[in-house]
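Please read the structure below before turning to the comments.
The values are calculated or read from the model by the stated rules, or taken from the named source; none is laboratory data. Quick caveat, the model's predicted, so the values are computed rather than measured. A quick note on method: Cβ atoms are made from the backbone with ideal geometry, for glycine too, and the neighbour counts reach across all protein chains shown.
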Amino acid sequence: MRRSTLRTAVAVVTAGLTLTACGSDDGGSSGGGGSDTDTATATSVEDFGGMDALVEAAQAEGTLNVIALPPDWANYGEMLETFSEKYDIEINSATPDGSSQDELNAVESQRGQDRAPDVLDLGTNFARQAKAEGLTAPYQVATWDEIPEDQKDPEGNWVNDYGGYISIGCNATVIAECPTSFADLLDPQYAGQVALNGDPTQAAAAFSGVWAASLANGGDLDDIGPGIDFFVQIKDAGNFNPVEITPATIQSGETPIAIDWDYLNASFTETFAEEGVEWEVHVPSDGLFGGYYSQAISKFAPHPAAARLWQEFLYSDEGQNIWLAGGARPVRLPAMEEAGTADTEALAGLPEVTGTAEFPTAEQETVAQQVMGERWNAEMSG
Amino acid sequence: MTALIEGVAGAGSITPETPVRRGRRGAGAWRYAVLAVLGLYFIVPIAASVWFTVRERDGVSLETYAEIPGADGFAEAITRSLAIAGLTVVIALVLMVPTVVLVNLRLPRLRTTVELLTLMPLVLPPIALVVGVRSVLAWAPDYFFGTPLAEAFFALQEPSLPWILVFVYVILALPFVYRALDAGVRGADLRTLTEAARNLGASWPRVLVSVVLPVLKTSVLNAAFLTLALVMGEYTIAVILGFETFPTWIVRISGSQPQLSVAVSVLSLVITWVLLLLISALDRRRGTKESS
Amino acid sequence: MLVVLGALPFFLYVAIFLLLPIGVLAVESFRATDPTTFEETWSTASVAAITEGPYRRAYVGSLQLSAITAVLGAVFGLALAVAVLGARRGRLMRRLVLTASAVLANFGGIPLAFAFLATIGNAGVVTALLTDTLGLGLGGFSLFSMAGLALVYLYFLVPLMVLTIVPALEALRPQWREASDNLGATGWQYWRYVGGPVLAPPVIGATMLLFASAFAAYATADALVGSSVPLVTLQIANSLSGDVVVGSENRGKALALGMVVLVGLVMIFYAWVQRRTQRWLA
């Protein structure tokens with residue numbers, strides 16, 4: 001304890017002396033030993049002089065700070081491990097259960113600290129907000145051209161990384177008949193069992209769940225209202241369970257039916273099989289809603305080279321296939337399928353999808369969010 | 001306002017100060033009914049939790065408890081929380097012992113202000129306080145980035161030992177520490193003792209060490225214990241400021257390793273309870289020995 | 001003069017770590033973020049917003065829940081304290097209950113929520129007992145409602161009451177009861193003229209404490225009901241973090257300020273009631 005007090009005091013004094021001696025400097029280069037101001041503004045691999053130079057610069061930094069990446073979310077556990085081993089870079093994973101807002105808060109409040117996040121994985125609207133607030137650094141990965149135009153920011157401030165469809169997961173060991181569509185959920189046999197992954201005014205997964213329900217009940221990408229009406233119906237039927245889905249709640253039997261992203265539900269299948277629980281995942285036949293998350297590099301990243309190397313890794317065939325193995329659909333999938341570089345086994349393991357989904361635009365999302373914010377609490381609470 | 005203060009005053013003590021009242025005839029049935037109903041209410045959820053931790057697919061096993069010491073992040077989280085708790089206790093005592101002594105002996109006019117200030121953390125919602133603290137911490141990167149003050153702010157938020165948590169927890173602990181110390185000082189008639197000591201020629205530091213502290217030993221112990229319980233159970237502020245302490249670790253693994261999480265909670269409850277019982281027992285013995 | 005200096009550290013500390021954050025909260029509640037340009041300006045929009053719609057509902061919900069659980073907790077806590085103190089083998093029972101109270105008063109959040117889920121949740125032992133063995137259901141009782149939350153809140157409120165009221169109960173000397181009996185007073189008269197007036201202020205004070213504690217509770221409600229029950233603390237936490245709605249942090253600060261003001265008002269009301277009670281009982 002004394003040592004840490006001393007250390008703190010020494011740090012403060014040394015920092016003070018160093019800073020007053022050198023004069024105030026650009027914020028991006030403080031913290032993180034050996035980082036170059038040029039690294040922080042590099043916008044592609046060429047700026048480093050090739051992939052090897054990037055790897056070298058990243059290894060010189062030696063660390064990568066990530067945030068809000070649960071290991072069982074779209075196979076991030078394997079992604080982090082593979083990257084760390086391949087490039088011999090230590091990864092600090094902060095607040096794995098954090099939300100997109102938590103990530104942006106961290107970038108702002110931890111600016112200048114060594115523990116500030118380097119890279120962000122955000123809900124799309126938050127990626128746009130991050131760019132508007134000047135928190136992102138533009139970067140175009142080597143495989144930039146294979147990413148569809150509507151899945152990325154023109155300068156590279158954010159890029160969609162992986163996505164999936166809303167699905168209905170079901171504990172087949174406990175439930176006699178698993179629901180395969182939203183309409184099924186109103187059946188009285190599911191009393192108190194239908195749960196979302198969080199609060200729709202908070203979590204993108206839950207928000208998308210309600211939107212999918214809307215599509216199944218006469219709504220469309222411009223109108224999320226019918227979805228909220230539907231969930232009010234579920235609540236009135238006594239089928240709604242407000243507890244947030246986690247492996248714990250499913251295992252304990254508290255939430256046998258989970259409306260969540262298909263890759264999240266799919267990740268449970270294997271874990272539960274070990275426990276002797278049969279977990280089924282169905283993408284609902286009546287409401288097909290897809291959504292992507294977006295990657296961004298923090299403008300104030302303490303380890304800019306490592307951050308860019310991470311991006312390169314994620315969008316390489318290897319990285320994209322790791323996500324595919326986690327049941328998510330990586331953004332380069334169409335290109336990879338054409339080139340034959342997609343992992344066919346993992347591809348076959350994806351839940352079946354009937355029909356094609358459209359993805360909402362930024363304006364549609366903002367409108368839907370406002371409707372949700374006004375109506376959900378009012379109609380679902382009490 | 002004083003009644004609330006009086007009411008909380010004794011909250012620092014867990015040992016009987018007056019002889020226990022004997023029961024009255026005929027009230028026995030009612031008493032047992034109350035104890036039975038409330039006892040059931042408190043025991044059943046804990047029992048259900050324990051049952052959840054030992055229940056395996058094919059029988060009962062204590063495996064979950066054996067996993068605790070080696071669990072990922074457990075050692076780190078609990079040592080960090082204990083360190084924070086220890087620092088909180090020390091700072092709270094260093095801050096409050098002189099203040100309580102001064103208020104009681106020399107500055108009685110300050111008493112109301114001090115009591116009001118120490119009452120505030122008790123009724124102030126922690127979530128409101130933490131929102132304010134966060135806003136203040138945000139000044140560093142926003143307004144004086146690059147200055148030594150900003151560096152100091154950053155040092156406060158060092159994740160391995162976040163001093164900002166210590167400082168905020170001291171505020172949360174103030175009501176209990178103040179009440180416990182104040183009750184001890186008033187109960188021991190410190191004014192007479194210190195006057196006597198001063199008359200015999202002791203200097204103020206000597207008085208503090210040889211007269212005040214021994215008299216306050218019990219109160220200090222009570223205050224320390226309540227602070228420890230508070231810090232080890234505090235979740236809201238730690239989670240919103242983004243630090244990993246024992247309670248936030250329990251929550252973090254509750255999603256993926258539910259049995260382990262519940263086992264740790266139940267175990268920490270039981271251990272805290274046993275510790276408190278021990279302290280209470282020791283205290284009682286010391287009390288009876290010293291009384292003449 | 002030197003003596004006043006001795007009290008300075010305390011005041012300085014409280015100023016920095018208590019008064020400053022609250023002050024900042026008050027000031028920043030009057031800022032708002034434009035949802036499209038993300039710029040911050042001075043405005044009363046946040047403060048105005050919190051008096052309407054879902055936020056007003058949240059305040060009402062929180063106040064209702066806190067009031068109900070405070071009163072229930074006070075009643076049960078008082079009953080438990082009296083029962084414990086009067087028991088024959090008093091010392092051991094007293095020590096057990098008091099130490100357990102000190103521990104349980106700090107028990108909350110996810111562990112508590114999970115304990116109740118394990119008891120009367122979908123897969124709870126009591127639920128299973130009631131449905132499978134006894135054939136009854138839970139009778140429409142849901143853990144995820146105001147009532148359910150109240151049941152869970154009592155778990156830490158009753159111990160808090162016990163902790164707070166036991167010293168006051170012990171101050172009630174048995175000699176007074178004996179003297180009262182000797183003078184020929186009935187039980188009712190004892191309580192009306194002796195016991196009641198002595199106990200009333202601490203009991204009211206303790207109830208206030210329970211109210212503040214229930215009002216401020218966050219982790220337990222979050223773990224159990226999410227947004228299903230309108231509570232201010234949940235709204236505040238939601239405004240600080242989320243994946244969906246952008247730029248709501250200022251509203252969160254306004255909500256927090258609202259909480260501080262409300263609690264302040266209740267404290268003033270309590271002080272007024274207390275003064276009246278003393279006058280009335282004197």
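Can you spot a residue in the range A:299-319 that is of a type outside the set (Lys, Arg), in contact (Cβ under 8 Å) with a residue 12 or more places away in the chain and either touching a His at 6+ places or on another chain (Cβ under 8 Å) or over 30 Å from A:Glu61 (Cβ atoms) (or both)? Within the range A:299-319, none of the residues are of a type outside the set (Lys, Arg), in contact (Cβ under 8 Å) with a residue 12 or more places away in the chain and either touching a His at 6+ places or on another chain (Cβ under 8 Å) or over 30 Å from A:Glu61 (Cβ atoms) (or both). Candidates in the range A:251-263 are the residues that are in contact with a Pro (Cβ under 8 Å, 6 or more places away or on another chain) and at the interface with chain C (Cβ under 10 Å from one of its Cβ atoms); of these, the one that is farthest from A:Cys170 (Cα to Cα) is A:Ser252.
Screening A:Gly276 with (1) over 16 Å from A:Val194 (Cβ atoms); (2) within 14 Å of chain C (Cβ to nearest Cβ); (3) in contact with a Lys or Arg (Cβ under 7 Å, 6 or more places away or on another chain) gives one miss only, at (2). Flag set for A:Pro96, criterion: part of a loop (DSSP other than H, G, I, E, B), without any contact (Cβ under 8 Å) to a residue 40 or more places away in the chain, under 20 Å from the mean Cα position of the chain (by Cα) and within 14 Å of chain B (Cβ to nearest Cβ).
Return the only residue of B:Leu241, B:Leu278 being in contact (Cβ under 8 Å) with a residue 40 or more places away in the chain and either surrounded by fewer than 21 Cβ atoms within 10 Å (Cβ to Cβ) or out of contact with any Ser or Thr (no Cβ under 9 Å at 6 or more places or on another chain) (or both).
Exactly one of B:Leu241, B:Leu278 is in contact (Cβ under 8 Å) with a residue 40 or more places away in the chain and either surrounded by fewer than 21 Cβ atoms within 10 Å (Cβ to Cβ) or out of contact with any Ser or Thr (no Cβ under 9 Å at 6 or more places or on another chain) (or both), namely B:Leu241.
Residue by residue, here is whether (1) surrounded by fewer than 19 Cβ atoms within 10 Å (Cβ to Cβ); (2) assigned to a strand (DSSP E or B) holds:
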position: A:Val174; (1), (2): yes, no
position: A:Glu177; (1), (2): yes, no
position: A:Ser181; (1), (2): yes, no
position: A:Leu185; (1), (2): no, no
position: A:Gln189; (1), (2): yes, no
position: A:Ala195; (1), (2): no, yes
position: A:Asp199; (1), (2): no, no
position: A:Ser214; (1), (2): no, no
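In this structure, does A:Phe231 turn out to be under 28 Å from C:Ala115 (Cα atoms), within 12 Å of chain C (Cβ to nearest Cβ) and of a type in the set (Phe, Trp, Tyr)? In short, yes.
A:Pro226 satisfies every condition listed in (1) in a helix (DSSP H, G or I); (2) in contact (Cβ under 8 Å) with a residue 24 or more places away in the chain except (2). Taking the range A:359-376 as the range and being modelled with pLDDT under 80 and assigned to a loop (DSSP other than H, G, I, E, B) as the test, the residues that pass are A:Phe359, A:Thr361.
Kindly provide the set of residues from the range A:253-273 that are in contact (Cβ under 8 Å) with a residue 40 or more places away in the chain, among the hydroxyl-bearing types (Ser, Thr, Tyr) and closer than 21 Å to A:Trp323 by Cα, ordered by number. Selection gives A:Tyr263, A:Ser267, A:Thr271. Report yes if A:Leu264 is within 22 Å of A:Tyr293 (Cβ to Cβ), at pLDDT 80 or above and surrounded by fewer than 23 Cβ atoms within 10 Å (Cβ to Cβ), otherwise no. No; evaluated as a whole, the condition is false for this residue. Restricting the first member to the range C:207-228 and to residues that are more than 10 Å from chain B (Cβ to nearest Cβ) and in a helix (DSSP H, G or I), and the second to residues that are buried (at least 24 other Cβ atoms within 10 Å of the Cβ) and of a type in the set (Asp, Glu), no beta-carbon pair is closer than 8 Å while six or more apart or on different chains. In the set (1) touching a residue at least 24 places away in the same chain (Cβ under 8 Å); (2) within 23 Å of A:Ala328 (Cα to Cα); (3) more than 8 Å from chain C (Cβ to nearest Cβ), the condition left unmet by A:Thr246 is number (1).
Among the residues of the range B:58-85, just one is surrounded by fewer than 20 Cβ atoms within 10 Å (Cβ to Cβ), touching a residue at least 40 places away in the same chain (Cβ under 8 Å), assigned to a helix (DSSP H, G or I) and among the small types (Gly, Ala, Ser), namely B:Ala83.
Restricted to the range B:187-249, the set of helices (runs of 4 or more DSSP H) holding at least 1 residues that are under 30 Å from A:Asp97 (Cβ atoms) and of a type in the set (A, V, I, L, M) comprises B:217-233, B:236-241.
The set of residues in the range A:310-345 that are among the β-branched types (Val, Ile, Thr), surrounded by fewer than 23 Cβ atoms within 10 Å (Cβ to Cβ) and assigned to a loop (DSSP other than H, G, I, E, B) contains only A:Thr341. Give the range A:109-160 a look and list any residue that's modelled with pLDDT under 90, in contact with a Gly (Cβ under 9 Å, 6 or more places away or on another chain) and assigned to a strand (DSSP E or B), or say none. Correct list: A:Gly123 only. Is it fair to say A:Asn160 is of a type in the set (S, T, N, Q) and surrounded by 23 or more Cβ atoms within 10 Å (Cβ to Cβ)? The answer is no for A:Asn160. Filtering the range B:45-57 to residues that are surrounded by 19 or more Cβ atoms within 10 Å (Cβ to Cβ) and free of Cβ contacts under 8 Å to residues at least 24 places away in the same chain leaves B:Pro45, B:Ala48. Just the residues that are closer than 21 Å to B:Phe52 by Cα and outside any loop (DSSP other than H, G, I, E, B), please, taken from the range A:229-261. Passing the criteria: A:Asn241, A:Pro247, A:Ala248, A:Thr249, A:Ile250, A:Gln251, A:Ile257.
Close contacts from the range C:163-184, counting a first residue that is within 11 Å of chain B (Cβ to nearest Cβ) and within 16 Å of C:Ala105 (Cβ to Cβ) and a second that is surrounded by 18 or more Cβ atoms within 10 Å (Cβ to Cβ) and hydroxyl-bearing (Ser, Thr, Tyr), with Cβ to Cβ under 6 Å and a gap of 6+ residues or different chains, come to C:Leu163/C:Ser101. In the range A:48-70, of all residues being modelled with pLDDT under 90 and surrounded by 16 or more Cβ atoms within 10 Å (Cβ to Cβ), the one that is nearest to the chain's Cα centre (by Cα) corresponds to A:Pro70. Consider the range A:263-291. How many of its residues are outside any loop (DSSP other than H, G, I, E, B) and within 17 Å of A:Phe207 (Cα to Cα)? The number of residues fulfilling the criteria is 5. Could you tell me which residue of the range B:244-274 is farthest from the other protein chains (Cβ to nearest Cβ), considering only residues that are over 21 Å from the mean Cα position of the chain (by Cα) and free of Cβ contacts under 8 Å to residues at least 40 places away in the same chain? Among those residues, the one meeting the criterion is B:Ser261.
Scanning the range C:123-133 finds no residues that are more than 8 Å from chain B (Cβ to nearest Cβ), assigned to a helix (DSSP H, G or I), modelled with pLDDT under 85 and within 27 Å of the chain's Cα centre (by Cα).
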